[in-house]
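What follows is a short report on a single structure.
Just so it is clear, none of the values below were taken in a lab; they were calculated from the coordinates. Just so you know, these numbers come straight off a predicted model, no measurement behind them. Here the Cβ is made from the backbone with ideal geometry for all residues, glycine too, and neighbour counts use every protein chain on show.
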Amino acid sequence: MREGAAEAIYARQSVDRADSISIESQIEFCRREAAAGIPRIYTDRGYSGKNTDRPAFRELMADVSGGKIGRVIVYRLDRISRSVLDFAGIIDVFQRHGVDFVSTMEKFDTGAPIGKAMLMIVMIFAQLERETIQQRVLDAYLSRSRRGFYMGGRAPYGFTLRETALDGVKTKMYAPVPEEAETVRRIYRLYADPLVSFGEVAQRLEAQGIEKRGGGSFSRSRIRELVMNPVYVRADRQIYAFFKEQGVLLANPEEDFSGCNGAYLYSGSGSRKGASLQGCTLVLAPHEGLIDSESWLCCRRKCLSGSPLSRPVKASWLAGKIKCGYCGYALALKTYHCKTKADNRYYLCTHKQGPEGCAFRSLDAGFVERAILEEIAGKLDNLRLSEPFRTEPSPQERRLRERQEEIQLEISGLLDKVPLASPALMTHINRRAAFLEEEKQQIEARLSRMVRPSAHPAGNAGYLEDLEALSLCDKRAAADSLLESVHAFSDRITITWKI
C-alpha cells in the first residue's frame, strides 16, 4: 500500500433479507484484512451492483482519484460491481493511482500478479450468473405475457383495471369506462372517413368539449396511438390474418380469434409506431374489445398507408377546358397551402418555361373562375330558354349523384388496400378501379346532359349567384355542357361556346 494513504472498506447491500449478509457483517470481515489503524468506511444500502451509480461508491472513487486511499477492501468481488466492463474500469483507476484491491472471501490481492489474473476470471463468472438471472426473469415475463396476464402499467383510455384470475392465478384485466369507451368509438368513426385526419379528429373532439383522462385536449399523436392500439379491437380471424401478414408472432391459434377479445401488442425488434411490426408479439387479452374488426382495420390501414391518395384531389372544374392562349398547352391548377390565411390558387401553363418555352406565367385561379362564371351567367341571361331554372335535382339526377358518391367511397377503399396488397390483389384492385372510373365518367356525361340553363328572374346577377353556389361536380357539368374551350392570356380570357 502506498505510504501515507489510508485503507478503505466498502460494503453494499441491495436488499435487506434473511439470506443476505448485512453491511455490519461485511465490515467486520473486512476489518480482519485491514492493517493497523482505523480504515475509512463507505457503505451503500439498497443499491444494486449492476452499475456504479451509488453515492458512497462515488465518494470512494473521488477519494481514490484524490490520492487519499491506498488500499480498498471488500467482502466479496460482487460488492464492487457485477459487470466485467465496470469492474475493469475500476481496477484501471486503482492501478493508475497505485491502489491495491483485496477481497476477503475470494482471497485475492491485486498486489500480486496472480491475484489480478484470477480476479478477472471470477468477475467473468459473476457477470455470467447475472445474465443467467436476467434471462430467467425475461423468460418468465414472456411466459406470463403470452398467457394474457396483466403486465403492469396504466390502463389505456377507455378502460379501468379490475381483479380477475387466469388459470387459477390472480391478475388484473381491463374493464370499459362507459363514457370513455363511447369517445373511443367516436374517434374510430371519425377517422374511418377517408377525408378526416388526426388533426381534424382532435379539433372536433375539442369543439365538443371532450377531454382526455386527467383533462386537456387530445393531441394528434395521442389519437394516433389510440387508433393503432389493438387493445380496442374485437379480434377475429381478419385481425389474425392482418397481423400474420405483418410478420407479427401470434401467441394464440387462429381458432381463438372469435371476434370478442381485445389484444395486447408487445414490441420486439420492430416498432409499434411505424409501419413495420416485424418482431412484435400479439396476444389475446381477457377483456372484451370496443371496436369491430372492420372499423379497426379500416383505420389501421389508413395509418399504415401514410399516403394522401385516400383523400380525393379537388381538381379544377375547368380541367380539360382551359388552355394557354400563347402556346395552346393545358393550364394546371396549383394550390399553395398557407397556415395563416386562405390557400393561394393559381393556373400555370404546363409547357416547359424558358427560352424555347411559354411566356405565360400565372393567373389567380379565383379571378379566372369568377370571370368565366360571369361570362356563363351573361350567356344564360341572353339565351332566355323556356324551361325554368331548376334548383332541385330530379329523381334520376339524385340517383346518379348517389351512385357517384358510392363509386368515390369504393375507390377510396381500394386505395386503402394498396400498401398491403399482394400481386394478385393488386391486379384485382387495378381492374376494379378501371371499371369504376369508366362508370364514373359515364355518370358525369349523363349528368352534364341534364343541365338545362334558362332565364333567371334576377337576370345576370341571379344566374351568377346560382352558379357560384354549385358544387365542384355541378360546375364541371355546366362547363362540359356550355364551353368548347377557354384560352387564357395574361390580360384577357376568350371562350369558345358550344351553344
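Distances over 14 Å make up what percent of all Cα-Cα pairs in the range 45-99?
Pairs farther apart than 14 Å: 53 percent.
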Descending semi-axes in Å of the range 196-245, equivalent ellipsoid built from Cα gyration tensor: 27, 11, 9
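Set the Förster radius R0 to 51 Å, insert the Cβ-Cβ distance between Glu294 and Trp497 as r into 1/(1 + (r/R0)^6), and round the FRET efficiency to 0.05. The partial results should precede the final answer.
Values: r = 49 Å, r/R0 = 0.97.
The value I calculate is 0.55.
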Dividing the alpha-carbon radius of gyration of the range 9-81 by 2.2 N^0.38 Å (N being the number of residues), what value is obtained? 1.07
